[in-house]
Amino acid sequence: MVVETQPPFLEMRGITKAFGGILANDRIDFDVRPGEVHALLGENGAGKTTLMEILYGLYTPDAGEIYVEGKQVQIHSPLDAMRLGIDMVHQSFMLIPVFSVCENIVLGMAGRHDLRQTAEKIRELSQSFGLEVDPMARTGDLPVGMQQRVEIVRALYRGARLLVLDEPTAVLTPIESASLMRFVRSMALEGRSVIIITHKLEEALEASDRVAVLRRGRKVATRPTRDTDARELSRLMVGRELESAIGRRHDEGRSSCLAVEHLSVRGEHGALACKDVSFEVRCGEILGVAGVTGNGQSVLAEAITGLRRPADGRVSLLEVDVTGWRPRALIRAGMAHVPEDRKATGCVGAFNLVENLILGRHRESSFAQRGLILRRRAMREFAERTVQKFDIRAAGLDTATEVLSGGNVQKLILARELQRNPKLLVAVEPTRGLDVGAIEYVHRTILGMCDRGVAVLLFSSDLSEVFSLSDRIAVMYHGRLLGPFPSTEVDIEGIGYMMTRGIAA
Ligand SMILES: Nc1ncnc2c1ncn2[C@@H]1O[C@H](COP(=O)(O)OP(=O)(O)O)[C@@H](O)[C@H]1O
Ligand SMILES: [Mg+2]
């Protein structure tokens, strides 16, 4: 039970940490009371792990202070953290597979350990917290859920008073998750504190006394859990700055850019992976298509972008029937494509920046004389301008694209597609695997295109991305399209429900 007036066990003040140009933590204030379960919620890349690894002594902050029970402390290593009663279970476990549970638990602790006594103590601890483990089992033989338990028991063994769990349910079955949540409550009842890092709203709501929300390195809010709800938290997580633009752009008066009518497409195994799908995207509008991977989104995107022939139905671009056209013809007709697999189909890894930036355009008059002789100077100048304008970070123009970071490859693909002045952009998982800085850049670029009247068809399995960009949202489920719905009339929970059940909640 948390007494609200109790002084915090932990207080972090003004924590700032940059990695290169990325501010992973930007002046974060954060505190945890004794006996409290505190959720730390935020999208991927928001800075949650960084903040907690600073607390655990794995990173040194660029600025900020840490107080434990009111006294300022310096934490230079996990050992310092443990001495203060702070312990952390990471996203990927740090156990030695050939050692037994027992050996792993005493590993790195000072003094000699009698293994029999240790085993006995582990049994007691794990029983009293409902976290049964066999102290003699070889860690490498245990399933992941069990390995996580071992790490938690290790923290308890070392006497943790504050335990940080980084995305703990990601590796657990629902039953294991429920038992973990029971453990978390029992730990809090003993007056110890738990921080649960998560990007799942339900989890933050279910398990915690308070929720702190991080977005792009900043803490945007802390709420007592009982005073908030999924709607508010999702808005805090995703950000409200884009909200006012949403809904405005979908205007029935605008002309149609892409029309898909009764489209059916076969997948890898010959069965229909996309069944009788119809929708329209208007100029200047973003239509987001959400769905759990494997529900036909990729196949649909491939059929629209000319990578796969539809079995039935029609695709029209600016009122021209382009069904079955090849990618090159579609590009000429005004379609741009940011593909799902950027390394395999988005660019040629062994080519340098110049070559990749003009990929598919090497016959145009600005780059070749009579379509044959390449005008290398013009190509380089064009590449130079583009690299500057799009802030693509590479050692030089002759760098092979395969050595660039994911974010820079994606910028390169966007830059190339944008320079073609498209009328329609089909973007598939455009920010998957990118860091916050690059994600923001990609989002801004897409919104900018849309403001200039480009129609955008966005496929994304990241719901917060779908919500922060789209005017209308559709869901793919078992090859069928649900919606589109105006994004002002649906919420993350509703769309999430449709993604997993195929019907409205
Ligand atoms: N060791 C590192 N080197 C460079 N960038 C990093 C490092 N660790 C994290 N980042 C970057 O800092 C940002 C925050 O990351 P992280 O704290 O892991 O976020 P979260 O845990 O909320 O998903 C991301 O943009 C990530 O790419
Ligand atoms: Mg993380």
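Miscellaneous remarks
- Exposure proxy ranking for Glu280, Glu36, based on other Cβ atoms within 10 angstrom of each Cβ and starting from the fewest, stands as Glu280, Glu36.
- Among beta bridges that DSSP assigns inside the chain, antiparallel share in %, nearest 5: 55 percent
- Selected from Gly42, Phe183, Leu10, residue furthest toward positive end of dipole (region 10-238; charges at beta carbon): Leu10
- Across region 347-421, Cα pairs under 8 Å and at least six residues apart give a relative contact order of 39 percent.
- Beyond 20 Å in Cα-Cα separation lie the following of the pairs Lys219/Lys411; Lys48/Lys411; Lys17/Lys48: Lys219/Lys411; Lys48/Lys411.
- For region 10-238, share of DSSP beta bridges that run antiparallel, in % to the nearest 5: 55 percent
- The value of relative contact order for the chain, using C-alpha pairs under 8 Å at least six residues apart, is 15 percent.
- Degrees, to the nearest 10: 376-389 long Cα axis against longest axis of the chain: 40 degrees
- Taking the Cα centre of the chain as reference, the dipole from Cβ charges on Lys and Arg (+1) and Asp and Glu (-1) amounts to some 1680 debye.
- Straight-distance crosslink candidates among aspartates and glutamates, where the alpha carbon sits under 18 Å from Lys200 and sequence neighbours closer than 8 are dropped: Glu43, Asp166, Glu167, Glu176, Asp209, Asp227, Asp229, Glu232, Asp462, Glu465, Asp491, Glu493
- Karplus (6.51, -1.76, 1.60) ³J(HN,Hα), θ = phi - 60°, over region 406-419, in Hz, Gly and Pro reported as x: x, x, 6, 4, 5, 4, 4, 5, 4, 4, 4, 5, 5, 5
- Proxy reagent accessibility, fewest Cβ within 10 Å first, across Glu203, Glu402: Glu402, Glu203
- Relative contact order, percent, region 10-238 [alpha-carbon distance under 8 Å, six or more residues apart]: 30 percent
- Proximal charge balance of Glu151 [Cβ under 12 Å; K/R count +1, D/E count -1]: +1
- Packing, as the average of other Cβ atoms within 10 Å across residues, places the peptides 184-192, 456-464 in the order 456-464, 184-192, highest first.
- All alpha carbon pair distances within region 450-497 were sorted into 10 Å bins beginning at 0; the resulting P(r) in whole percents reads 23, 60, 16, 1.
- Ranked by how many other beta carbons lie within 10 Å on average, peptides 158-169, 261-272 from highest: 158-169, 261-272
- Relative packing of 440-452, 412-424, which averages over residues the other C-beta atoms within 10 Å, highest first: 412-424, 440-452
- By the beta-carbon count within 10 Å of each Cβ, the least crowded to most crowded order of Glu120, Glu43, fewest first, is Glu120, Glu43.
- In region 89-200, taking the dipole from charged Cβ atoms about the Cα centre, the farthest positive-side position among Val101, Gln148, Leu165 is held by Leu165.
- For the chain, the spherically averaged projection of the C-alpha convex hull amounts to 26.7 nm².
- Taking 0.36 nm per residue of sequence separation and removing the Cα-Cα distance, the Asp227/Val73 pair yields an extension gain of 52.2 nm.
- Binning the C-alpha pair distances of region 347-421 at 5 Å intervals from 0 yields a P(r) profile of 3, 18, 31, 25, 15, 6, 1, 0 %, listed from the shortest bin outward.
- Cα-based convex hull, region 10-238, per residue volume (Å³, whole number): 119 Å³
- Translational diffusion coefficient (Stokes-Einstein; Kirkwood radius from C-alpha pairs) of region 170-245 at 4 °C, 1.567 mPa s, in µm²/s: 94 µm²/s
Any read-out appearing in this document is the output of simple, stated calculations on the displayed coordinates, not a laboratory observation. Keep in mind the model is a prediction, meaning the values are calculated, not measured. Neighbour counts run over all protein chains shown; Cβ positions are idealised from the backbone, glycine included.
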